[in-house]
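Written below as structure tokens is the structure these notes are about.
The values are calculated or read from the model by the stated rules, or taken from the named source; none is laboratory data. Predicted, not measured: the structure shown is a model, and the values here were computed from it. Every residue, glycine among them, receives a Cβ derived from its backbone with ideal geometry; neighbour counts consider all protein chains shown.
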Amino acid sequence: MIFAIFLYTFSIGLIFWIPFNKVEESFQVQALHDNVYVDNLNDFDHFEFPGAVDRSFIPSYVNSRTLKLIIHVLNICGIPPSKILVLCIGRLILSLLALISFVYYYASCGKNSKKYFFIVLYTQFHILFYSTRFLSNYMALPFVTIGLAAAKNGKSKLFIWTVVFSAIILRCEVGLLFCIYAVTLLIQRKIKFGNLVIQTFIALGFFIVVSFYIDSIYWNKSTIPEINAFIFNIIKNENVKWGTMPFFWYFNTAMPKMMGAYIFIFVYQCLTHKRQFLYTMLPSLVYIFIYSFVAHKENRFIVYALIPATEIISQGMDSICKKHIMGNIFVKLSIVINVALCIIGCFRGYYNYPGATAMLKLTEYHKVHDTIHKTVHVDTFCLQNGVSRFITLKGLTVHKKEIQNYDNWSLEKDDINYLIMEVETSLHNINNL
């Protein structure tokens, strides 16, 4: 448990070491910033850069209420926080929510699964690193985790409300996971069909109304973001524009990559303990199989399966140590390998935000050399790789207009003082550079 606490502390350290964001989480990051710092809704970032599909403002709104209270307390104490510190505190809130959900799931596990549970969990890079990031899948993960634990314990109402919340507010694909686990509960006779239907419709109606009311205000139009996302990604199949993968990619590439060295223990335990596999892991694997029909695939779409998989792996470790002479060595070796993979992943992540690095360097330069207002042009590549309103210095106006052709583009015309651009961009044709 001490090692597990250290790993969680390390994940908190990553928040402050690598606080920046990629394009996939930029909406929630910008929304959080605007909810905290911007008073006029018309000045919110999403009106200028709405993204491919609407997303809900509810998570950022709730988080911002907590952040405003913390900022107020810090100001009273004479410690006004910088914007980057506020972003880190926002990530810390998400991290604590994830930890609470993991502890709740841990409590639902059997004795043989508990010994290694947190060690296995926090030595999987996609949990260690991304559980503190504002990706909508990982924001949904705590609620899905609580829902899965509730399903195991026969607490059907908690299962329904947490998972339906995740599906309507955060990620529509969670709805598929809900249907599979609902059928599992019916088969196990942990819920009556009538109660399931009634509770589901009540939860659906409630969260649809909440989303419609709040998000329509923020988007200045009638919208239920996750229903729009479902139509965009599944019905219209528009997400293929971002790339496609083979049907079995989740099974032969994503899961081994996400589990690391634990994949061997996972397979061993599934094959030798079929009853546990049937009730703990099969619903998640069915979810992955059905979701594989969607051609656009990413690791984060199946992250919910890592939680029951962690339970399987933990019990597998306990079983191997008890039944095999070399089992203890094999288990420790697999942990060491995964720790090494996490360290490598973290260092790769540190150097994966060139836009943010450039903006921070410009901010430091501007503090020393300039006292008047300046304008900086940031190209699409840098906006997608770390630049956000949280790291932009007051006194710097960010010019984010997309330039289709930089040939003969005039800096004077747009009153540009600085450039933050991808190295490969041809700069010699820009006038007045």
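Output the qualifying pairs, or none if there are none: Cβ atoms under 6 angstrom, residues six or more apart or on different chains, first residue in the stretch 114-132 and part of a loop (DSSP other than H, G, I, E, B), second residue crowded, with 24+ Cβ neighbours inside 10 Å and not polar (S, T, N, Q).
Close Cβ pairs satisfying both conditions: TYR116/MET317.
Filter the stretch 32-46 for residues that are free of Cβ contacts under 8 Å to residues at least 40 places away in the same chain and either part of a helix (DSSP H, G or I) or buried (at least 18 other Cβ atoms within 10 Å of the Cβ) (or both) and give the result. Spell out how you get there, then give the answer.
Just the residues of the stretch 32-46 that are free of Cβ contacts under 8 Å to residues at least 40 places away in the same chain, to begin with: 35, 38-40, 42-43.
Residues satisfying the conditions are ASN35, ASN42, ASP43.
Could you go through the stretch 189-198 and let me know if any residue there is of a type in the set (Gly, Ala, Ser) and farther than 22 Å from VAL144 by Cβ. Walk me through how you get there before you give the answer.
Within the stretch 189-198, the first condition is being of a type in the set (Gly, Ala, Ser), and the residues that meet it are 194.
Those left that are additionally farther than 22 Å from VAL144 by Cβ: 194.
Checking the stretch 189-198: at least one residue is of a type in the set (Gly, Ala, Ser) and farther than 22 Å from VAL144 by Cβ.
For the stretch 13-39, which positions are among the polar types (S, T, N, Q) and at pLDDT below 90? Even if it seems obvious, please write down each step before you answer.
In the first step, residues of the stretch 13-39 are kept if they are among the polar types (S, T, N, Q); the result is 21, 26, 28, 30, 35.
ASN21, SER26, listed by residue number.
Can you run down the residue pairs with Cβ atoms below 8 Å, 6 or more apart or on separate chains, where the first is in the stretch 242-261 and of a type in the set (S, T, N, Q) and the partner is in a loop (DSSP other than H, G, I, E, B) and surrounded by 19 or more Cβ atoms within 10 Å (Cβ to Cβ)?
Qualifying pairs under 8 Å: THR244/LYS297.
Taking the criterion of being of a type in the set (D, E, K, R) and exposed (fewer than 14 other Cβ atoms within 10 Å of the Cβ), would at least one residue in the stretch 98-112 satisfy it?
yes
Residue under question is SER101, and the condition is that it be of a type in the set (Gly, Ala, Ser), assigned to a helix (DSSP H, G or I), within 27 Å of THR145 (Cα to Cα) and modelled with pLDDT of 95 or more; does it hold? Walk me through it before giving the result.
Numbers: of a type in the set (Gly, Ala, Ser): yes; assigned to a helix (DSSP H, G or I): yes; within 27 Å of THR145 (Cα to Cα): yes; modelled with pLDDT of 95 or more: yes.
In short, yes.
Could you count how many residues in the stretch 73-91 are surrounded by 15 or more Cβ atoms within 10 Å (Cβ to Cβ), more than 24 Å from the chain's Cα centre (by Cα) and either part of a helix (DSSP H, G or I) or at pLDDT 95 or above (or both)? Please lay out each step first, then the result.
First pass over the stretch 73-91, keeping only residues surrounded by 15 or more Cβ atoms within 10 Å (Cβ to Cβ): 74, 81, 83-91.
Then drop every residue that is not more than 24 Å from the chain's Cα centre (by Cα), which leaves 74, 81.
Those still in the list that are either part of a helix (DSSP H, G or I) or at pLDDT 95 or above (or both) too: 74.
Adding up the residues that qualify gives 1.
From the list ILE391, ILE325, which one is outside the structural domain of HIS273 (by TED's automatic domain parsing), at pLDDT below 90 and of a type outside the set (Ser, Thr, Tyr)? Write out each step before concluding.
Working: ILE325 fails: outside the structural domain of HIS273 (by TED's automatic domain parsing).
Sole residue among the options that is outside the structural domain of HIS273 (by TED's automatic domain parsing), at pLDDT below 90 and of a type outside the set (Ser, Thr, Tyr): ILE391.
Would a scan of the stretch 240-256 turn up a residue that is in contact with a helix residue (DSSP H, G or I) (Cβ under 7 Å, 6 or more places away or on another chain), among the β-branched types (Val, Ile, Thr) and farther than 19 Å from THR184 by Cα?
Within the stretch 240-256, none of the residues are in contact with a helix residue (DSSP H, G or I) (Cβ under 7 Å, 6 or more places away or on another chain), among the β-branched types (Val, Ile, Thr) and farther than 19 Å from THR184 by Cα.
Looking at VAL103, VAL86, can you tell me which residue is out of contact with any strand residue (DSSP E or B) (no Cβ under 8 Å at 6 or more places or on another chain), among the aliphatic types (A, V, I, L, M) and more than 28 Å from GLU364 (Cβ to Cβ)? Can you show your working first?
Numbers: VAL86 fails: more than 28 Å from GLU364 (Cβ to Cβ).
Of VAL103, VAL86, the one residue that is out of contact with any strand residue (DSSP E or B) (no Cβ under 8 Å at 6 or more places or on another chain), among the aliphatic types (A, V, I, L, M) and more than 28 Å from GLU364 (Cβ to Cβ) is VAL103.
Among the candidates PRO19, PRO50, which residue alone is assigned by TED's automatic domain parsing to the domain that holds SER136 and either under 21 Å from ALA98 (Cα atoms) or part of a helix (DSSP H, G or I) (or both)? Working first, answer last.
On the way: PRO50 fails: either under 21 Å from ALA98 (Cα atoms) or part of a helix (DSSP H, G or I) (or both).
Criteria check complete, one pass: PRO19.
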